[in-house]
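The values are calculated or read from the model by the stated rules, or taken from the named source; none is laboratory data. Bear in mind the structure is a predicted one, so any value in this text is a computation, not a measurement. Note that we place each Cβ from the backbone using ideal geometry, even for glycine, and neighbour counts take in every protein chain shown. Just so you know, the surface numbers come from the protein's heavy atoms only, side chains and all, with ligands and any DNA or RNA stripped out. Shrake-Rupley method; radii C 1.70, N 1.55, O 1.52, S 1.80 Å.
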Amino acid sequence: MKNYIFINYLLALIIISSFIFGLTLNENSSGGAENDSIAILNNANIFNTHILRDIPWDIYKSTSLPLFYIINKILFNDIEFIDLVTTNIFLSIFIFFFFYLTLKKKMSGNKIENSSLLLLSSIVLLSPYLRSSTFWGLEEIIGVFFFVLSLFFYEKYNSNKNFSNQIVCL
């Protein structure tokens, strides 16, 4: 049994290490992230040069809501590429963490080891989509973050159906 736990922790560490290694290599496993990052930087420049109420929406080129840029504008006065990547790295860490917490809450009645849950939650870091979006500062990562966060709060609501959990789940 101890070998099994050790192997789970080792595999999770290897997956997390590969994520960090991919970041240092500017991995583009989805194929189009490098080109997409040019459009993302153009949108970021729109938010750099205008205040929110004066954004020229006719030159804003995105199918996503501007929440990603608004958050980055609040965090960083002038948005640069490294700022977008930094935000995405933190969002990816939170995605991994909240996915682990969701699995832990969901499987709390089962006798599943924490090492297995850690390994399962680290698998999300192998996704080519998540990796490329993180490493190239793409805006879609915020949607993945809110999806995993909503799973976490839904599971929290399911385990304790009170009014405050219902409001947070919405």
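Within 10 Å of each candidate Cβ there may be at most 11 other Cβ atoms; applying that plus a DSSP loop requirement, which trypsin sites (Lys or Arg not before Pro) in the range 62-144 survive?
Lys111
What net charge is computed for the residues neighbouring Ile79, neighbours being all others with C-beta under 13 Å from the C-beta of Ile79, Lys and Arg scored +1, Asp and Glu -1?
Within the 13 Å Cβ shell, the charges total -3.
What number comes out for the charge environment of Lys156, summing +1 per Lys or Arg and -1 per Asp or Glu over other residues with Cβ under 15 Å away?
Numbers: positive: Lys104, Lys105, Lys106, Lys161; negative: Glu155.
Around Lys156, the surrounding residues sum to +3.
Using only Cα positions of the chain, each an equal point scatterer, no hydration layer, compute I(q)/I(0) via Debye at q = 0.11, 0.14, 0.15 Å⁻¹ and quote the log10 values to two decimals.
-0.56, -0.83, -0.91
Report the local net charge at Phe135: Lys and Arg +1, Asp and Glu -1, summed over other residues whose C-beta lies under 12 Å from its C-beta.
Net local charge, Phe135 excluded: -2.
With a 1.4 Å probe and every protein chain left in place, work out the accessible area per residue of the chain in Å², rounded to a whole number.
Values: 10210 Å² over 170 residues.
Roughly 60 Å² per residue, with all protein chains present.
Tyr9 versus Asn35, label points 7 Å from Cα toward the beta carbon: distance in nm?
4.5 nm
Springs between alpha-carbon pairs under 10 angstrom, Gaussian network model over the chain: which of Gly32, Gly143, Gly22 fluctuates most?
Gly32
Subtracting the Cα-Cα distance from 0.36 nm times the residue separation, let me have the gained length for Asn162 to Leu67 in nm, one decimal.
That pair, Asn162 and Leu67, stretches by 31.3 nm at full extension.
Taking the Cα centre as origin and putting +1 on Lys and Arg beta-carbons and -1 on Asp and Glu beta-carbons, what dipole magnitude results for the range 71-170, to the nearest 20 debye?
For this selection, approximately 620 debye.
Suppose only helical runs count, i.e. DSSP H with n ≥ 4. What mean residue ellipticity at 222 nm does that imply for the chain under -39500 (n - 2.57) per run, divided by all residues and rounded to the nearest 500 deg cm²/dmol? Intermediate results must be reported in sequence, preceding the final value.
On the way: 8 runs with 118 residues, N = 170.
The helix-only estimate for the chain comes to -22500 deg cm²/dmol at 222 nm.
If eta is 1.002 mPa s and T is 20 °C, what Stokes-Einstein diffusion coefficient results for the range 41-110, Kirkwood Rh from Cα pairs, in µm²/s?
In µm²/s, the coefficient rounds to 153.
Can you give me the % of accessible surface on the chain that is carbon or sulfur? Probe 1.4 Å, all protein chains present, nothing else counted.
In the chain, the share of accessible area belonging to carbon and sulfur is 66 percent.
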